[in-house]
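Taking it in order: structure first as structure tokens, then the write-up.
Please treat every number below as a calculation from the coordinates, not as lab data. The structure presented is a predicted model; accordingly, all values stated were derived computationally and were not measured. Every residue, glycine among them, receives a Cβ derived from its backbone with ideal geometry; neighbour counts consider all protein chains shown.
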Amino acid sequence: MSNSVACNHCHLEFDKSVMIIEEGMKFSATAPENHTLYFCCNGCQGVYHLLSDEGLESFYDKAQGVKLTPPTKQYQDSSNFNSAAFYDRFVNINKDGFHEVSLIIEGIHCSACVWLNEKALHKMEGVIEANINFTNNKAHIVWSDEILKLSSIIDMIRAIGYNAYPYDASIQEAHANKERKEYYLKMAVAIFASMNIMWIAVAQYAGYFTGITQDIKTILNIAEGVLATPVLFYSGWVFYRGAYYGIKNRVINMDLPVATGASLTYIYSIYITIYERGEAYFDSVSMIITFVLIGKFLEILSKKNAADTLDIIGKHIPSVVNILKDGAVVSCKIGDVVVGDIIAVSSGEKLLFDGEIIKGEGFFDESNLTGESEPIYKKVSQNVISGTTSIDADIHYRASKDFKHSTLSNLVHLLESAINKKPRIEQMANRLSEYFSAVILGFSVLTFSLWYFWPHSFEISFMVAISVIVIACPCALALATPVATLVGLSLGAKRGILFKEAAQLETMAKIDTLILDKTGTLTIGKPEVVQEHLYTAFDTRLLYALVSASKHPVAQGVKNYLYQKDQSITGLLFDTYKQIPSLGISAQYQESEILGGNHKLMEENGITSRFESTDTLFYVAIDKKIVAVYELRDKIKEDAKEIIAAFVKRNISVVMLTGDNENAAKKVASEVRITAFYYNQTPQGKADYVSVLHEQGKRIVMVGDGVNDILALARADIGIVMGSGSDIAVEMSDIVLLNDSLKSLEDAFKISSTTYGLIKQNLGISLVYNAITIPLAMAGYVIPLVAAISMSVSSLLVVGNSMRIRYKWNKN
């Protein structure tokens with residue numbers, strides 16, 4: 001007796017022992033009230049419940065008794081995605097404790113494919129976030145590993161007709177080349193057949209005017225049909241596959257109109273050939289597939305070209321590095337290098353870890369990170385950054401971070417995250433394109449009906465309806481935003497500007513108020529002591545220890561000054577030590593209390609300070625008595641005045657907030673011509689000021705670099721941090737300027753405005769194209785061949801318009 005049972009989704013029969021079994025409720029009209037459910041795999045189980053959750057119960061009633069075709073391609077076992085080695089290399093844990101991974105989804109052709117995958121993944125219990133970028137098919141997925149394993153996510157993607165593999169910039173080129181080769185072969189078949197069909201068509205058109213017997217006409221039609229068949233079913237298979245999975249999952253995608261239009265024309269032409277009446281249109285079948293396929297291929301090349309800059313930082317990362325172990329240089333996997341290991345780097349090699357040089361010197365290329373083309377000279381005791389390249393330096397350096405936490409790894413992660421966060425305008429365009437194909441099919445049916453009632457010609461009505469289906473292009477609408485966004489992100493990356501989310505391009509384009517910190521933002525952030533005032537003799541080792549533990553530029557300036565005076569100086573060990581944001585530092589050494597900071601710190605501790613200066617002041621007090629005052633002066637950044645003037649010219653209000661004293665604030669504000677400035681600002685004071693502007697309806701960018709700026713950065717619409725800023729400030733920011741330049745700040749505004757303008761232009765092109773061509777097609781002025789060409793051209797216009805601005809910027 002057979003022990004086989006049918007899967008409740010695909011209806012294929014397997015032995016009961018290998019099935020996934022669950023007790024189910026009534027799901028379809030023909031199912032019992034309570035029954036046992038059987039599934040052959042997690043994918044069928046997932047799709048079954050996805051359709052249930054979406055209210056698509058009628059699917060199984062309509063498909064009753066039908067066995068769905070199983071995938072013919074065998075993929076690697078999805079359990080491999082759960083291995084510890086895979087997690088170590090590709091999976092990260094975010095600050096909320098959830099796991100995240102970047103995957104490439106194979107088989108995505110249009111925005112509906114993106115929608116289907118995102119919808120299916122969001123329906124899985126344990127998936128927190130699933131964003132897919134249409135331009136490069138990269139998915140960013142966040143999930144709870146305690147609830148759901150990554151293999152189940154992969155199974156779901158495969159079950160709905162797609163495949164996924166981990167994103168790795170070093171192997172991405174191989175997958176892209178494979179995809180291009182497949183398109184080359186499909187296009188070669190399509191172009192060869194189409195050219196030969198056109199020669200036959202020439203003979204038919206000549207016979208139409210000079211006379212041709214029906215027998216000869218039928219032979220020519222058969223020849224055209226033979227040539228059109230591989231074009232439709234081999235070269236055009238990509239459209240059938242996409243349409244099939246769209247219908248299977250109740251989604252009308254862009255592939256459906258193409259497959260429908262070409263198939264109906266092909267069937268009609270076979271009918272004409274067999275019954276020898278009317279004109280066959282095998283040439284239109286071939287041309288529709290050929291031109292749309294060529295357009296799709298050019299679209300893929302353009303999207304890849306736009307994404308290349310984003311991948312360049314993470315491309316060609318070696319899997320091993322050379323480290324010093326027991327006096328010898330040995331190879332070591334990058335994942336095995338720990339903090340403190342000594343790494344050997346030769347000239348021409350890329351640095352994969354952050355660290356401090358302990359031997360050697362030379363020039364380094366940091367252009368991939370900062371956009372700065374000039375090589376940087378570094379020597380012993382100076383820090384090097386992962387992602388830079390040694391030009392002529394053979395060095396040994398001590399790793400200060402492991403690879404997962406290195407600057408290079410963090411930047412690659414930021415770029416991956418950026419392209420997955422869709423701007424609001426893109427979300428709106430995607431929602432519109434979801435319904436577009438369904439509306440077009442409705443227009444096609446309406447057109448056929450109207451033309452059939454007059455002039456009562458099935459052939460004319462049919463071909464006009466086909467033209468309507470083919471000419472409409474939801475792809476242009478779907479591409480309008482993501483391609484422009486990708487171009488904007490790549491322009492920023494090349495100039496050392498990292499947008500953490502693509503959505504920030506849109507937000508920044510609408511900004512009307514710019515708030516700037518002073519130290520490290522308007523100034524270079526390296527103040528130097530220009531005057532020392534000593535009132536009482538004290539042990540300078542106390543002060544050296546006090547300022548050494550602080551990263552504040554003023555404290556570092558005092559430290560450098562003390563070291564230059566006495567290079568043998570060393571610090572003492574405090575009993576207690578505390579940094580006070582926007583005020584200074586306090587410490588306890590034996591019976592003495594030491595304070596170092598601004599005059600407000602002195603006042604809060606009951607110490608009178610009446611020193612006047614236009615420079616930054618650093619007070620030192622021991623046991624409530626001021627023993628020294630240091631005057632420090634910081635240089636204004638190059639072009640600061642011109643860049644501030646450029647913002648004012650754009651009608652952007654510019655405000656300076658600083659924790660420094662009134663005289664120092666006035667001096668800097670005067671030099672850069674900022675009229676609105678506020679001094680002696682605490683972190684909370686800066687944040688409160690941002691809140692006040694928000695209440696007035698302002699859209700605000702806050703630019704800072706220190707711990708005292710993090711509250712304001714978090715509260716502003718856009719927070720921008722200089723790359724040399726504190727780690728926590730970089731974490732709280734939305735945009736990072738890697739090269740610390742105000743010119744980069746201006747470029748960030750320009751890129752945002754340009755990108756947002758491109759998006760609106762592209763949406764305009766798509767909507768105007770459809771508004772003009774669809775009525776023309778419905779009126780019978782466009783044949784299917786011209787419709788296919790127009791459809792491809794509209795997508796290429798959108799992509800080309802986006803790429804145009806990239807080449808314009810590259811000339812600058």
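May I ask you to derive the FRET efficiency for residue 695 and residue 187 from their Cβ-Cβ distance with R0 = 60 Å, giving the value to the nearest 0.05? After rounding, the FRET efficiency stands at 0.55. Packing, as the average of other Cβ atoms within 10 Å across residues, places the peptides 224-237, 83-96 in the order 224-237, 83-96, highest first. To the nearest µm²/s, what D does Stokes-Einstein give for segment 510-642 at 4 °C and 1.567 mPa s, using the Kirkwood radius over alpha carbon pairs as Rh? In µm²/s, the coefficient is 83. Full extension of the chain between residue 540 and residue 611 gives 23.5 nm of extra length, using 0.36 nm per residue less the Cα-Cα distance.
Full extension of the segment from residue 276 to residue 638, taken as 0.36 nm per residue of separation minus the current Cα-Cα distance, would add 122.3 nm.
Taking square-rooted eigenvalues a ≥ b ≥ c of the alpha carbon gyration tensor, is segment 623-715 rounded, prolate or oblate, where a/c under 1.5 means rounded and, failing that, a/b exceeding b/c means prolate? Could the numbers behind the result be given before it?
On the way: a/c = 2.38, a/b = 1.31, b/c = 1.82.
Judged from the Cα gyration tensor, segment 623-715 comes out oblate (a/c at least 1.5, b/c at or above a/b).
For the peptides 529-540, 677-688, the ranking by packing is 677-688, 529-540, with the highest mean count of neighbouring Cβ atoms within 10 Å listed first.
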